[in-house]
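Below is one structure; the comments refer to it alone.
What follows is calculated from the coordinates using simple rules that are stated; it is not laboratory data. Just so it is clear, the structure is predicted and the values come from calculations on it, not from any experiment. Positions of Cβ are backbone-derived with ideal geometry, glycine not excepted, and every protein chain shown enters the neighbour counts.
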Amino acid sequence: MTDIVSMTTAAQSATAAQASDDGHLFALSDAAAVLVAETGTTPCFAYRLDVARQRFVDLRMTLPEQVHLAYAVKSNPGPPLLAELAGLGAWFDCASAGEVAAVQTARASAPAPTSQQPATRGRMVFAGPAKSEADLRAALAAGARIQVDGIEDVERLAQWHTGPDPLPVNVRVHPLTGISETASIIGGSGPSAFGVDEEELAQFVAGCQAYPQVRLSGLQVFSASNELDAATLLANHRTAMGIGQRLQAMLRHDLDLIDLGGGLGIPYAVGSPDLDIVALGAGLGDLLEENAWFTGHVVLEPGRWLSGPTGVYLTRVVRVKQSRGTTFAVLEGGINHLLRPLMTGQSFPVRAVTPRQEPATTDWTDASGPAEDDRERTAYTLAGPLCTSLDRVGTAELEPLEPGDLVIFGQAGAYGFTQAMTNFLSHPAPEQVWLGGSITP
Ligand SMILES: Cc1ncc(COP(=O)(O)O)c(C=O)c1O
């Protein structure tokens, strides 16, 4: 069993940014990664809770007060991360009864609010294109604002809601035009399994009249994920506000909540820019000023932006093989731990730390290390241990690898372990190591 406490202390003090260009893509320095790998077992994920905390606080500070941050649990549902964010008063975006339960547990373990922290706990929003009875009942019991995807959700909520007042809900709307997504993850304005198509909104609103136990009081529009351009996000949000204004006119009562979804992007490659969150915050301020008809709460549901940069995935090379012009590094872990590259075609950033250039963990602040540019590099196809040629976690130019060398994937705190096909071939689940937490377990 890993000695998490001593590892935490040592690795936390070894988390300085890399001296190299890609340093900002890796939550741990090479020295800290080696320390984690040698103290525990590989493959493993290591996450820095101090990074999550800082990102939440930084983002919060750039946003107008009217905007609340609901962490999208699906991006990384790790209990220490949820507890950390709960302690900061975060709202949460849940998509299953399991996520609701995880948030409730996290809130129960979060420290009581202090003078620096909000006095009230954040709230919960609940979304999903195919909500089961268990999901809806759990969301109802937790007091979540449910984002209905169609009249079926309204019908079932009307049946199960027991409170004296009508249950306020949001409708998720799938815009017809005026949205864009740089890489298709949510799916643009084509056919969609999500929400009510914008052109059918009036019909949906009319249909809701049959269910007086449910009150349509808000809107959710989420149209782009991993978007690095603040202007693109803001243009989508402008479209959402326009839909909100039309929805309010149809309803003839005020909306009290507009949820603009997640989608804040993070860089996965050297040279890729960071999302300008200051521009996003300022742009949202302007947009809300232009839309003074709306005075309710605005919610953003970032997942990737908060959790992605907290994590790295560490795995060792098992063998190196040349095959018909391709050099494979076959790793201990593959798509059973990191599936996202295969699904999106986008690799996580990769570094290798070999014993031949391993940094001294006792003097990690000496960042001189080997000069990156002088190292000979080879183009590797990174394969995993599964019995399928689909098991590829990326390609990378790395210094020559040998069995036992450590390979580090950056930005792996979001849509990493949680999105992988863990059970295939029954290899052990990777250990998840949480560093820098403020909450004593
Ligand atoms: C409803 C909903 N909200 C928020 C998110 C989080 O998106 P992101 O990680 O791009 O911020 C997702 C991701 O799929 C989602 O489906």
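For the chain, the longest principal axis of the C-alpha atoms and the axis of helix 230-251 are separated by about 20°. Dividing the helix sum by the residues of the chain, where each DSSP H run of 4 or more adds -39500 (n - 2.57), gives a mean residue ellipticity at 222 nm of -8500 deg cm²/dmol. State the Kirkwood hydrodynamic radius of the range 26-180 in Å, one decimal place, computed from all pairs of distinct Cα atoms. With all distinct Cα pairs of the range 26-180 included, I get 17.7 Å.
Applying 0.36 nm per residue to the separation of A210 and S132 and subtracting their alpha-carbon distance, the gain on full extension is 25.9 nm.
Fewest neighbouring Cβ atoms within 10 Å first, the residues C387, C94 line up as C387, C94.
Summing charges over all other residues whose Cβ lies under 15 Å from the Cβ of Q159, with Lys and Arg as +1 and Asp and Glu as -1, gives -2. Beta-bridge orientation, the chain: approximately 40 percent antiparallel, per DSSP, counting only bridges with both partners inside.
Tell me, R252, R324, R246 in order of fewest to most beta-carbon neighbours within 10 Å?
The most exposed by this proxy come first: R324, R252, R246.
When only alpha carbons are used to place a centre, the range 228-255 and the range 38-110 end up 27 Å from one another.
Kirkwood Rh over Cα pairs of the chain into Stokes-Einstein at 4 °C, 1.567 mPa s: D in µm²/s?
Numbers: Rh = 23.0 Å.
Taking Rh from Cα pairs, D becomes 56 µm²/s.
Sorting H253, H68, H427, H174 from the fewest to the most surrounding beta carbons within 10 angstrom yields H253, H427, H68, H174.
The convex hull defined by the C-alpha atoms of the range 50-307 has an orientation-averaged projected area of 13.4 nm².
Compared with the direct C-alpha span, the chain from L425 to Q346 gains 26.0 nm at full extension, assuming 0.36 nm per residue.
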